[in-house]
Amino acid sequence: MPGFRPHIRTNEHGSLTIGGVDAVELAKEFGTPLYVIDEDRIRQRYREFVKAFKSLYQNVEIKYAYKANTNLAVLNILRQEGAGADILSEGELFIAQKVGIEPRDIIFTGNNKTDTELEKAVDAGVIINLDSIHELERLKKVCEEKRKCADISFRVNPAISPETHPHLSTGLRESKFGIPEEDVINAYSLATDPEYFRIQGIHMHIGSQITVSRPYEIAVTKLFDIAGRLKNDLGIDLNFVDIGGGLGIRYQAENEFITPDDLAEAVVPLINKKIEEHGLRPPTIFLEPGRYIVGDSSIMLTRVYTIKRTPYKKFIGTDAGFHILLRPILYGAHHDVIVANKMNQAPEEKVDIAGNVCESGDILAKDRMLPKIEKDDILAFMDTGAYGFIMASQYNSRPRPPEVLVKDGQYDLIRERETFDDLLRKQRVPERLKPAL
Ligand code: LLP
């Protein structure tokens, strides 16, 4: 087992353990597919991330990106650790409020906020991170009607490539996100209306699964140069600069990666230099990590049913598919696969792991060297904590799987498996279409 996942081990039965719990036993008790989340791993990654930045810069606040994983147990762990929330929808606002995150610790980003979202964000008193001048005008109407003043920031599009998957790049010049650099000063000057807006900060988020620090360095430099112009041309002193999320994780041993320390060491000196150069009051630095915090805390367990050899391939058929784990089909993403009940067996054969969705693209893993696979083996997909369960669906009329939280050899069910009734929930059949009795 690659040593870069210290929370994944092997026990005396040759089974995979996570958080000290036997994954094969969990699969038996709760059935498959099943997501398993390691509490301590989340805490460890969060603390590592915070420490990296706080040891170099005094005022740092983490707004965990809710979109990565909104399981309530996970969110409560992160609330206990002191995380705020980066949210993007009314639903996430509702969840963050339920979890008890203070409004001042919530930042609401999103490129197409609805009128209701703007209204609810103003009522809640969260920071509203605006994505366009049109959105500023729309927010102004809301504030006028409500006679309320909103805390705001603008998301800047720094026009750089984060050197990641095109679908995970959000700060390219042609991207739909953020305000183009050339319009930013104008946006802020339009927002200098103390009756309706309290300008709090500036924001960027350049992409996800970023494994080099250079794009951050370029974007952070641009952001602070804008902060300098805001101060020196418009007299606006920003309280925070939000440098977004996006730090990648190591999905494979051979992956290039940078640690939070590497990232902090790359950007904090630049930040300090720019603060001095532009005579800024040192702002609070916000960060919005999602994947780094929760990504490798979780595994997805699935059971092998059919084994099929064709002249071209050997397919291992499982009870999961892209409705359970979407990332492979959506981004060609790689998740390591481990045979949870055969930890001590050497790889022997090359297989494709086929999902059970009726689509030919539903291959969860390609050309993997695994021990000899038999029916009822339990496969563990690694690093499914970020954008795993949260992107699952009921496609092919399969209820969504349960989630279990493990810690110190103990476990709790934190989400029940959906039932067949859940497949029908909220649907109505008009009387005229019902079968005659
Ligand atoms: N802040 C903003 C404004 C974001 O849009 C995102 C992610 C984050 C923070 C957190 O980024 P992270 O630290 O998790 O990279 N479904 C894709 C990832 C989409 C990311 C969307 N935005 C995947 O499965 O890889």
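General observations
- What the Cβ-Cβ distance of E359 and D412 gives, at R0 = 41 Å and to the nearest 0.05, is a FRET efficiency of 0.75.
- Residue of P166, P371, P194 that the Gaussian network model of the chain assigns the largest fluctuation, springs spanning Cα pairs under 10 Å: P194
- Kirkwood Rh and Cα Rg combined as Rg/Rh, region 40-87: 0.97
- Cα pair distances in the chain, grouped into 10 Å bins until the bin that holds the longest one, percent each: 4, 20, 28, 23, 15, 7, 2, 0, 0
- Segment T259-K314, length gained on full extension (0.36 nm per residue, minus Cα span): 16.1 nm
- About the Cα centre, charge dipole magnitude for the chain (Lys/Arg +1, Asp/Glu -1 at Cβ), debye: 800
- For the chain, accessible area per residue (1.4 Å probe, heavy atoms of protein chains only), Å²: 45
- Long-range amide H partners of D319 with built H, under 5 Å: R303, Y305
- Between the alpha-carbon centres of region 3-81 and region 269-305 there is a gap of 16 Å.
- Put a dot 7 Å past the Cα of N232, heading toward its Cβ, do the same for N76, and the two dots end up 5.1 nm apart.
- Nearest 10 degrees, 0 to 90: helix 133-146 Cα axis against the chain principal axis: 80
- At most 12 other Cβ within 10 Å, DSSP loop - trypsin sites (Lys or Arg not before Pro), region 335-435: K375, R425, K426, R428
- Taking only protein heavy atoms and a 1.4 Å probe, the accessible area of the chain is 48% carbon and sulfur.
- Across region 344-352, coupling constants 3J(HN,Hα) worked out from phi with the 6.51/-1.76/1.60 Karplus curve, θ = phi - 60°, read 9, 9, 7, x, 9, 9, 9, 9, 9 Hz, and Gly and Pro carry x.
- Of the GluC sites (Glu not before Pro) in region 374-420, those whose Cβ has at most 12 other Cβ within 10 Å and which sit in DSSP loop: E374
- Residue with peak Gaussian network fluctuation, the chain [Cα springs, cutoff 10 Å], from I249, I133, I378: I133
- Proximal aspartates and glutamates to K140, defined as alpha-carbon separation beneath 12 angstrom and excluding residues fewer than eight positions away on the same chain: D115, E119, D151, D193, E195
- Computed from the C-beta positions of Y331 and E137 and an R0 of 30 Å, the FRET efficiency is 0.30 to the nearest 0.05.
- Counting only residues at least eight positions apart within a chain, or on another chain, the lysines with an alpha carbon under 19 Å from that of K434 are K426.
- Region 282-350: mean projected area of Cα convex hull, nm²: 7.9
- Three-way shape call for region 346-437 based on the alpha-carbon gyration tensor, with the a/c threshold at 1.5: oblate
- The GluC sites (Glu not before Pro) found in region 170-264 that occupy coil by DSSP, while having at most 11 further C-beta atoms within 10 Å, are E174, E195, E254, E256.
- Note, ³J(HN,Hα) from phi for region 422-435, Karplus 6.51, -1.76, 1.60, rounded to Hz, x at Gly and Pro: 4, 5, 9, 3, 6, 8, 10, 9, x, 3, 5, 9, 6, x
- Over the chain: helical MRE at 222 nm, DSSP H runs n ≥ 4 each giving -39500 (n - 2.57), nearest 500: -9000 deg cm²/dmol
- Cα centroid of region 315-381 to Cα centroid of region 87-155, whole Å: 41
- DSSP-defined antiparallel bridges as percent of all bridges, region 148-272, nearest 5: 10
- Relative to the longest principal axis of the Cα atoms of the chain, helix 181-190 runs at roughly 60 degrees.
The values are calculated or read from the model by the stated rules, or taken from the named source; none is laboratory data. Here the structure is a predicted model, which means the values were calculated and not measured. Every residue, glycine as well, gets a Cβ built from its backbone with ideal geometry; the counts of neighbours run over all protein chains shown. Keep in mind that these areas ignore ligands, DNA and RNA; they rest on the heavy atoms of the full protein, side chains included. Shrake-Rupley method; radii C 1.70, N 1.55, O 1.52, S 1.80 Å.
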